[in-house]
1. Scanning for something among the charged types (D, E, K, R), part of a loop (DSSP other than H, G, I, E, B) and surrounded by 16 or more Cβ atoms within 10 Å (Cβ to Cβ), does segment 256-264 turn up at least one residue?
2. Determine which member of the set Leu125, Leu78, Leu58, Leu99 is farther than 30 Å from Ala283 by Cβ, modelled with pLDDT of 85 or more and buried (at least 17 other Cβ atoms within 10 Å of the Cβ).
3. For the subset of segment 219-242 comprising residues that are within 20 Å of Arg326 (Cα to Cα) and under 31 Å from the mean Cα position of the chain (by Cα), which member is surrounded by the most Cβ atoms within 10 Å (Cβ to Cβ)?
4. Just one of (1) buried (at least 20 other Cβ atoms within 10 Å of the Cβ); (2) outside any loop (DSSP other than H, G, I, E, B); (3) of a type outside the set (Ser, Thr, Tyr) trips up Ala301, so point out which.
5. Would you mind stating whether Lys380 is modelled with pLDDT of 85 or more, closer than 13 Å to Pro224 by Cβ and in the same structural domain as Glu254 (by TED's automatic domain parsing)?
6. State yes or no: is Arg314 in the same structural domain as Ile256 (by TED's automatic domain parsing) and either without any contact (Cβ under 8 Å) to a residue 60 or more places away in the chain or of a type in the set (Phe, Trp, Tyr) (or both)?
7. Exactly one of these conditions fails for Ser171: (1) of a type in the set (Ser, Thr, Tyr); (2) assigned to a helix (DSSP H, G or I); (3) modelled with pLDDT under 90. Give me its number.
Amino acid sequence: MLANGHNQITRVPEQLGCVIVPAEASFGTPSPAEIEKMARRRFQSPKPFREGSFWWLLHWEDEFLNGQRIRKRKRTKLAPASISEREVKKIAAEFLRPLNQGLVTVGSAVCFDEYVDTVYLATVLLLMAKATQDRYRGILANYLKPAFGKAPLRDLTPLTLQKYFSGMADSALSYESKDKLRDVLSSVLASAKQYGMLVVNPAENVRIPQDKRGRKKSKPYVAPEKFAALLSLIREPSASMIYVAVYTGLRVSELIGLRWRNVHPDPSSITVDERCCRGDWGAPKSESSNATIAVNQSVIARIERLKTLSVEVRAGRAIRKYPAVRKFGPDDLVFQSVMAGRPMRDNNILARHIKPAGRFLGMPWLNWRCLRTSHATWLKLAGADVKDAQAQMRHSRASTTLDIYQQFVPESQRKVVDRLAQLADVPITFQ
């Protein structure tokens, strides 16, 4: 710091084309005096020059190198040489306007890669569920970092992002995968806007290429007549876990986090007040999810039956027996791992039990989500009122239950169509 209060500016040889300046505004809020000094220092009005077949402009831009902010000389192509100098000056003024008016923040010079590693992963991502964190990390590492890693945040304009997604028109990725890519990218850039790195989120209005074929709107579900066959192929305690999932509509994370104090025999009901996803404990998904739902008495009986069951586990040539439930105190888990009594892992049950049984029965699409969808669809088959189904599924809106979870049932539609003939018994005649 100099005696007059100005920050020291360290200059490097001109041939490097850059000037190192203090990073006073990189990740903090500068004082009014510093803002005024930065504004004076950054205002620039270089004159365009003609070289070869184009008009060019030399200007300064901020960049971050090894954690230090530097000002680097940039050479930008403005227009073909056939354009008049007067028009080129207007183009140059429009190009420089965001820089001179402070519409491009200092933090926007940070590369996408560096911002994700130093800010997004350490602040925003940690607030998400464990499964969401794993999915986002995979998308960032496999798609977004290779595409945008070395680009400064300021270069991620709506046009740049739209070109990236429009280029996926012939990609093998499904529409849902492309949409998830956009969601993750938008999450990163929204946080950059929140922390002052960007003025706007450039991913807000980016569109995804439409599929060349219509997407199947209905999702598969387990037909009631196939459910008994499915359970017969699955060993305990996983079979009881699937039984409870279908007859209650609980999410798999809620099943894993279910404790004995949450099971109420009289009246038969279950309270959902926490969830566990691969070791990550937390509150239910939403305020509506935190509720007590009515269940059939058979569900309570199936859960209580676990206390009397033993499970055989092969250990080399020997077969060992373990209780299905080691402890059943109020705070103990209803569904416990057989050998250690720890929380179950949904992916293990899916791979070892649900998927093989589904393939055997001609249902290769079977997964945990299908079991929850099946519950909603069974409610529809049973003639449940929409509001009752919404409460049972613990959705904040009835439209979610209707449009996403309750699936199209051909037999139900056929019965409705057949009843139309009974409304007006008019004979059909031909002339």
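1. Here is the first cut: in segment 256-264, the ones among the charged types (D, E, K, R) are 259, 261.
Of the ones still in play, those that are also part of a loop (DSSP other than H, G, I, E, B) are none.
Checked against the condition, which is being among the charged types (D, E, K, R), part of a loop (DSSP other than H, G, I, E, B) and surrounded by 16 or more Cβ atoms within 10 Å (Cβ to Cβ), segment 256-264 yields no hits at all.
2. Working: Leu125 fails: farther than 30 Å from Ala283 by Cβ; Leu58 fails: buried (at least 17 other Cβ atoms within 10 Å of the Cβ); Leu99 fails: modelled with pLDDT of 85 or more.
Answer to the check: Leu78.
3. Filtering segment 219-242 for residues within 20 Å of Arg326 (Cα to Cα) gives 235-242.
Narrowing further to those that are under 31 Å from the mean Cα position of the chain (by Cα): 237-242.
Numbers: Pro237: 23, Ser238: 21, Ala239: 18, Ser240: 20, Met241: 27, Ile242: 24.
Filtering segment 219-242 for residues that are within 20 Å of Arg326 (Cα to Cα) and under 31 Å from the mean Cα position of the chain (by Cα), the one surrounded by the most Cβ atoms within 10 Å (Cβ to Cβ) comes out as Met241.
4. Among (1) buried (at least 20 other Cβ atoms within 10 Å of the Cβ); (2) outside any loop (DSSP other than H, G, I, E, B); (3) of a type outside the set (Ser, Thr, Tyr), Ala301 violates only (1).
5. Numbers: modelled with pLDDT of 85 or more: yes; closer than 13 Å to Pro224 by Cβ: yes; in the same structural domain as Glu254 (by TED's automatic domain parsing): yes.
Criteria met by Lys380.
6. Details: in the same structural domain as Ile256 (by TED's automatic domain parsing): yes; either without any contact (Cβ under 8 Å) to a residue 60 or more places away in the chain or of a type in the set (Phe, Trp, Tyr) (or both): yes.
So Arg314 passes the test.
7. Of (1) of a type in the set (Ser, Thr, Tyr); (2) assigned to a helix (DSSP H, G or I); (3) modelled with pLDDT under 90, only one is false for Ser171: (2).
Yes/no matrix, rows are residues, columns are (1) over 30 Å from Val334 (Cβ atoms); (2) out of contact with any Leu (no Cβ under 8 Å at 6 or more places or on another chain); (3) outside any helix (DSSP H, G or I):
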residue: Asp179; (1), (2), (3): yes, yes, no
residue: Asp183; (1), (2), (3): yes, yes, no
residue: Val188; (1), (2), (3): yes, no, no
residue: Lys193; (1), (2), (3): yes, yes, no
residue: Met197; (1), (2), (3): yes, no, yes
residue: Glu204; (1), (2), (3): yes, yes, yes
residue: Asp211; (1), (2), (3): yes, yes, yes
residue: Tyr221; (1), (2), (3): no, yes, yes
residue: Val244; (1), (2), (3): no, no, no
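The values are calculated or read from the model by the stated rules, or taken from the named source; none is laboratory data. Only a predicted model underlies this, so the values are computations on that prediction, with no experimental measurement involved. Positions of Cβ are generated from backbone atoms using ideal geometry, with glycine treated the same way; all protein chains shown enter the neighbour counts.
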